[in-house]
Amino acid sequence: MLLPRLHNLETDQSPPTVFPPCLPVFFHSLRRIILYGPAASGWIGFLAAASAQRVPSDTGTQPRRVAPYLHRLHCDDTVELDAPFISHFRVFRNLVVLLLGNGCPRATICTFHLTDEDVSRLAMELPRLRDLSLGTACSRNTCRTTVNSLLALSTHCKGLRFLCIHFNTGKLARDMWDSLHHPLRHNSHPPSRCPLTVLDVGLTPLPVEALGEEVFPTLAGLLDIFPGLNTIRYYTFSSRASWGWRQFALQIPNFQEMRKSLPVVFAQEPCGNHQSPHTPQPQHTSHSTVTGSASVPHRPGNREIEPVLRS
Ligand SMILES: [Zn+2]
């Protein structure tokens, strides 16, 4: 075992350049990893490569186990989010908190390259996720992820309570209608959904053109995906661009009030204690948090989460 008693690893230093030979377990007791700077992606690649190695055992060879009890992993904003990078995290099946930053709002082009298929695969590989940040969304709205990524996460991650992600809102109303035919909308009866309460959309624009007359059905679709949603975090950079988020803000309490009188048609699993994670906040914009918590149906697992600003 490599460092068998190490519980927390917090570093901005590069990982080792060679693997200790024939060790069946790396970081046997490691529970938490926090990585800073350029070393972050190096460490993730190192741990994933170590898990791909096979080591001798009584019955021949077996895969090396890497940090089998890791439940929290945090990388700061130095990484590009693409399919090869995100695939490394399948090693850590027990992750509960995965907070990844990116430099998207400050970069010249969007650095978020995931697709709905990538996000869906991640959701299936990490079903215990409670807090997930895939980097602060920029305002370019060029990403390929859609509401189907939200649907996949809500369906496969039964304990998810906080989500920060890029998803394209260029034709959000149309995407929401199209998602009605997605198999995950009807995967069970009643449909299985996570108890998410906070959705962080960063700088994602939602102008009137993206919604048109479809404000109510689109919000209803979003609340079908996240029935416990009571807070949308967005960063105000233009009243025109954030028009849709404000409309949602006004209507969430009304929708949730209506849901009180309806039969519960979605599944929520009880969750343990939750602390809202610290998420990257752009420095050049003001921050708005939309909360309809006063009218959220009182169900197990629903708890108001106060906005948290990162210093
Ligand atoms: Zn971006």
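Details
- For the stretch 1-70, DSSP calls about 35 percent of its internal beta bridges antiparallel.
- Inter-label distance, THR17 to ASP82: 2.5 nm, where each label sits 7 Å from its Cα along the C-beta direction.
- Amide hydrogen proximity for SER133: with H placed 1.01 Å from N in the peptide plane, the residues at 5 or more positions away or on another chain lying under 5 Å are LEU98, LEU99, LEU100, CYS164.
- Sorting ARG174, ARG130 from the fewest to the most surrounding beta carbons within 10 angstrom yields ARG174, ARG130.
- Packing order of peptides 71-77, 4-10, 233-239, highest average first: 71-77, 233-239, 4-10 (average count of other Cβ atoms within 10 Å over each peptide's residues).
- Counting DSSP beta bridges with both ends in the stretch 1-142, the antiparallel % (nearest 5): 15 percent
- LYS158, LYS171 arranged by Cβ crowding within 10 Å, fewest neighbours leading: LYS171, LYS158
- ARG5 paired with ARG31, simple spin-label distance in nm, labels 7 Å along Cα-to-beta-carbon: 1.6 nm
- Whole-Hz couplings from phi, Karplus 6.51/-1.76/1.60, listed for the stretch 110-117; x for Gly and Pro: 5, 9, 9, 10, 6, 10, 4, 5
- Sequentially through the stretch 131-137, phi angles give Karplus couplings (6.51, -1.76, 1.60; θ = phi - 60°) of 10, 9, 10, 10, x, 5, 6 Hz, Gly and Pro residues having no value and appearing as x.
- Calculated FRET value between PHE216 and ASP58, using beta carbons and R₀ = 51 Å, to 0.05: 0.25
- Shape call, the stretch 1-70: gyration tensor on alpha carbons, a/c limit 1.5: prolate
- J(HN,Hα) series, the stretch 91-101, from Karplus relation 6.51 cos²θ - 1.76 cosθ + 1.60, nearest Hz, glycine and proline x: 4, 9, 5, 9, 4, 10, 10, 10, 10, 10, x
Any read-out appearing in this document is the output of simple, stated calculations on the displayed coordinates, not a laboratory observation. The structure displayed is predicted, hence computed values, not measured ones. In this analysis, Cβ positions are derived from the backbone assuming ideal geometry, glycine residues included, and neighbour counts consider all displayed protein chains.
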